[in-house]
Amino acid sequence: MTKFRLLIAGLIAGAAIVALPLVAAIAMQSAGPVPSNLALLTGVIQLVRQDYVHPIGADELVKDALKGMLRRLDPHSDYMDAQEFKESQADIAGKFGGLGMQISEQDAVPKIIAPIDGTPAAAAGLEPGDEIVLIDHSSTEGVGLRKVVTLLRGDPGSKVTLTILRGKQDPFDVTLTREIIRVESVKSYPEPDGIGYIRITQFGEDTADGFKKAIADFKRNANGSVKGLVLDLRDDPGGLLSAAVDVAGDLLDGGSVVSIHGRRADEEKTFKAPAHGDELSGAPIVVLINSASASASEIVAGALQDRHRATIMGTQSFGKGSVQTVVPLKGYGAVRLTTALYYTPSGRSIQDEGIAPDVVVEAAKDQRISGGPLLREGALHGAFANPGPLNQQPEKGKAALSQAKSSYSAPIKAELIGKPGDAQLKTALAYLDKNAGQARPLDR
C-alpha cells in the first residue's frame, strides 16, 4: 500500500493551527496509560539501551516513541522536539532559512508539493510532483521528512545539490543556494475596470494585515468604488485559523465563518465575522481554488460559498478539515495533536472531500504541472473519513458531497499563477467584468 505523510518544508501549513499554552504535566495526568503499560514501555527502552548493537540514548528512544505513537493517529499529529518546535514557530512567522518548498512523502521518498514564490526552489524551476531522490548525492529513501527538512535547511549562502526525478524523465541534478526565506503571504495588484486581484500564498501572522491593506489600496485607487475582486487561493496550503477568520471577516457582514467541534463540549466554538465587516460593500468576488488549496484556504472558500458572498472557481480543493492544537512542553518541544474538525457555516465538513467549485475551471493542459494531480487528504495514510454534515446522518452527508468527485484535476504550474497567460485567472476576470457593479445580496 502506498503510504503518504504530509509535511511542509519551510512552511508549517496545511493545518488550521490553534496554539494553546498547556502544561505537559497536566496533559500527562489526564487519561494516562495504566502502570502495566508504562512498565512495558520502560522495559523495552531499557532492553534497547542495554542490548542493541549500537548505543542509543534514552532521550532519543523516548522521542522516537512519542513520534511513533502520535504519527499513527492521523497524518497531522506529531511530536516536535525543541529544535523542531523552534523551526515550526519560525515557519508560521513567515521567516526561515532554506530553499522554499512544500514537500510530502510518498513511498518513503520526499515529493515536492509546490515551490514557494520568490525562493531558490522556484527560481530553479522545481515543480509539484518532483521527487527528491538524493540530497548531496545521498539517498533520501526512508530517511523521514523531518530529517529531510534538516538536510535541506542550512546557513544562508551555502549550497545543496538535489537529484530530481520528474515523471518518466531521467534523474537530473539541481544545485541551489540556501537563503533566508521571507514569505510574503499577500500579493496584490489592480486589474482594469476597477477589479482587484489578491493572492494569498499561506495564512501566516502577517496575512490579515496584508489583506486589509490590499483592500484599502484598491479602494483608494478606485475612489472608493471597487467593482470586483479575484481572491486567489490556489496552491495555498493553509496556516493559522485566526488569519483565515480575519480574511473572511473582511468580506462578510456578521454571521458564521467557521465552527470547530471536538470530543468535549468546551472545544466547540463558532467564529463570526464583524457585524459590518464587508470592506467591499457586496461587490462581486471570485475565489480561485485547486487541489493544493488546503485547510485555512478551504475555510475561507467554504465560508464565502455558504454565505453566497463569492463564486468559487477552479477545481476540487485538498480536503483538510481537521484542527491541530499545539501543546508546548516546557523544555521538551511540543505536541501537535488533532483535537477537532471544522465545519463551514452551513455545517459541512471539508474533511476528505474539500470544497467543490461553483464553476469548474481546469488549468489549460499546457499549463498543468507535469507530475500529475497533487496528493489529496484522503490519500494520506491514516486520514479521517468525512463525518457528514452536522446534525445529519453520515449517509445523507456523503450523498450530498458525492457531486464533488468529478472536479479533481492537475493544478496549474506554480510559476504561472497570476501571470498574464493564466487561463483560470482570465476566466475569473471575464466573469467579474460581466458582473461588475452588481452587488450580491449577503446571507446575514
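The values are calculated or read from the model by the stated rules, or taken from the named source; none is laboratory data. Worth saying up front: this structure is predicted, and the values here are computed from it rather than measured. FYI the Cβ positions are ideal-geometry reconstructions off the backbone, even for glycines, and counts take in every protein chain you see.
For every residue, the table says whether it meets (1) within 19 Å of Gly204 (Cβ to Cβ); (2) of a type in the set (Gly, Ala, Ser); (3) buried (at least 19 other Cβ atoms within 10 Å of the Cβ).
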| site | (1), (2), (3) |
| --- | --- |
| His276 | no, no, no |
| Ser293 | yes, yes, yes |
| Ala296 | yes, yes, yes |
| Gly333 | no, yes, yes |
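Quick check, is Lys63 over 21 Å from Glu377 (Cα atoms) and more than 19 Å from the chain's Cα centre (by Cα)?
Working: over 21 Å from Glu377 (Cα atoms): yes; more than 19 Å from the chain's Cα centre (by Cα): yes.
Yes; evaluated as a whole, the condition is true for this residue.
Right, Glu141: surrounded by 17 or more Cβ atoms within 10 Å (Cβ to Cβ) and either modelled with pLDDT of 85 or more or charged (D, E, K, R) (or both) or not? Lay out the reasoning, then the answer.
Details: surrounded by 17 or more Cβ atoms within 10 Å (Cβ to Cβ): no; either modelled with pLDDT of 85 or more or charged (D, E, K, R) (or both): yes.
So Glu141 does not fit the description; no.
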Please give the helices (runs of 4 or more DSSP H) falling wholly within region 45-126 in which 1 or more residues are touching a helix residue (DSSP H, G or I) at 6+ places or on another chain (Cβ under 8 Å) and loosely packed, with under 14 Cβ neighbours inside 10 Å.
58-71
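Just name the residue that is modelled with the lowest pLDDT out of those in region 146-155 that are among the charged types (D, E, K, R) and part of a helix (DSSP H, G or I). Outline the logic, then answer.
Looking only at region 146-155, we keep the residues that are among the charged types (D, E, K, R), and these are 146-147, 153, 155.
This time we only want the ones that are part of a helix (DSSP H, G or I), so: 146-147.
Working: Arg146: 74, Lys147: 83.
The selected residue is Arg146.
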From the option list Ala214, Ala222, Ala243, single residue qualifying as over 25 Å from Thr427 (Cα atoms) and either surrounded by fewer than 24 Cβ atoms within 10 Å (Cβ to Cβ) or modelled with pLDDT of 95 or more (or both) is Ala243
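Take the residues in region 176-188 that are in contact (Cβ under 8 Å) with a residue 40 or more places away in the chain and assigned to a strand (DSSP E or B); name whichever of them is surrounded by the most Cβ atoms within 10 Å (Cβ to Cβ). Don't jump to the end; show me each part of the working.
Residues of region 176-188 that are in contact (Cβ under 8 Å) with a residue 40 or more places away in the chain, as a first pass: 176-185, 187.
Filter once more, keeping what is assigned to a strand (DSSP E or B): 176-177, 179-182, 187.
Numbers: Leu176: 21, Thr177: 14, Glu179: 18, Ile180: 11, Ile181: 24, Arg182: 12, Lys187: 17.
My answer is Ile181.
Taking the condition of being part of a strand (DSSP E or B), free of Cβ contacts under 8 Å to residues at least 60 places away in the same chain and not acidic (Asp, Glu), how many residues in region 156-175 meet it? Quick ask: steps written out before the conclusion?
Of the residues in region 156-175, the ones part of a strand (DSSP E or B) are 159-165, 172-175.
Next cut, free of Cβ contacts under 8 Å to residues at least 60 places away in the same chain only: 159, 161-165, 172-175.
Now narrow it down to the ones that are not acidic (Asp, Glu): 159, 161-165, 172, 174-175.
Residues in region 156-175 being part of a strand (DSSP E or B), free of Cβ contacts under 8 Å to residues at least 60 places away in the same chain and not acidic (Asp, Glu): 9 in total.
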Going by the conditions given, is Asp209 modelled with pLDDT of 95 or more and out of contact with any helix residue (DSSP H, G or I) (no Cβ under 7 Å at 6 or more places or on another chain)?
yes
In region 166-184, how many are among the hydrophobic types (A, V, I, L, M, F, W, C), within 18 Å of Ile113 (Cα to Cα) and modelled with pLDDT under 95?
2
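Checking the condition crowded, with 20+ Cβ neighbours inside 10 Å, of a type in the set (Val, Ile, Thr) and more than 20 Å from Pro284 (Cβ to Cβ), which residue from Ile350, Ile355, Ile312 passes?
Numbers: Ile355 fails: more than 20 Å from Pro284 (Cβ to Cβ); Ile312 fails: more than 20 Å from Pro284 (Cβ to Cβ).
On inspection, the qualifying residue turns out to be Ile350.
Confirm whether Val143 is in a loop (DSSP other than H, G, I, E, B), within 20 Å of Thr175 (Cβ to Cβ) and of a type in the set (A, V, I, L, M, F, W, C). I'd like the intermediate steps shown before the answer.
Numbers: in a loop (DSSP other than H, G, I, E, B): yes; within 20 Å of Thr175 (Cβ to Cβ): yes; of a type in the set (A, V, I, L, M, F, W, C): yes.
So Val143 passes the test.
Would you list the strands (runs of 3 or more DSSP E) that sit entirely within region 255-307 and hold 3 or more residues that are out of contact with any strand residue (DSSP E or B) (no Cβ under 9 Å at 6 or more places or on another chain)?
On the way: elements: 256-262, 269-272, 285-289.
Correct list: empty, since no element meets the threshold.
Looking at the structure I just gave you, is Leu280 touching a Lys or Arg at 6+ places or on another chain (Cβ under 7 Å) and either more than 24 Å from Ala356 (Cα to Cα) or touching a residue at least 40 places away in the same chain (Cβ under 8 Å) (or both)? Lay out the reasoning, then the answer.
On the way: touching a Lys or Arg at 6+ places or on another chain (Cβ under 7 Å): no; either more than 24 Å from Ala356 (Cα to Cα) or touching a residue at least 40 places away in the same chain (Cβ under 8 Å) (or both): yes.
No; evaluated as a whole, the condition is false for this residue.
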Find the residue count for region 194-238, including only residues that are over 14 Å from Val300 (Cα atoms), aromatic (Phe, Trp, Tyr) and without any contact (Cβ under 8 Å) to a residue 60 or more places away in the chain.
1
